[in-house]
Amino acid sequence: MTNSENERNVDRRGFLQRMAWMGTAALWTLATGVVKGTHIEDTTPALGDGPHVVVDNFKFAPATIAVPIGATVTWTNRDDVPHNVVSTDKKFASPVLDTDEKFSYTFPAAGTFKYYCSIHPRMTGQVVVG
């Protein structure tokens, strides 16, 4: 290997190392900017909000919730599509809830109250009061 070929290989290796570091720095800058700009929404209700059901990803969570007599349960739609909450025995029914809208119902008596989304009937849940 001649001296000029050796110098060329060293220059090429240095160039590739610099490019790798620059690429890493660029990716790091982009990643930290994306993370800083991303808002991760908390779907857990704050303490003191009472029993809460979150509607998200075409599911009620929790699907079964147990509450005492007289408790008020609040449903919040966190999904990107409208949903509603309708009891199978017609005790309660919400209007159509858009994203972040809420519906509450107070359960005055013991029992198991099944409900579903009439827009998406495969979405089901129940409130056990007792």
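A compact table of results
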quantity: Equivalent ellipsoid dimensions for the stretch 52-129 as semi-axes, Å, which come from the Cα gyration tensor, largest first; calculated: 19, 12, 11
quantity: Trypsin sites (Lys or Arg not before Pro) lying in DSSP loop within the stretch 59-130, provided at most 12 other Cβ fall within 10 Å; calculated: 90, 122
quantity: Inter-label distance, nm, simple model (7 Å from Cα along the C-beta direction), residue 114/residue 101; calculated: 2.6
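Bear in mind these aren't lab numbers, they're just calculated from the coordinates by the rules spelled out. Please read all numbers here as calculations on a predicted model, not as lab measurements. Here Cβ is always computed from backbone atoms with ideal geometry, including for glycine, and neighbour counts include all displayed protein chains.
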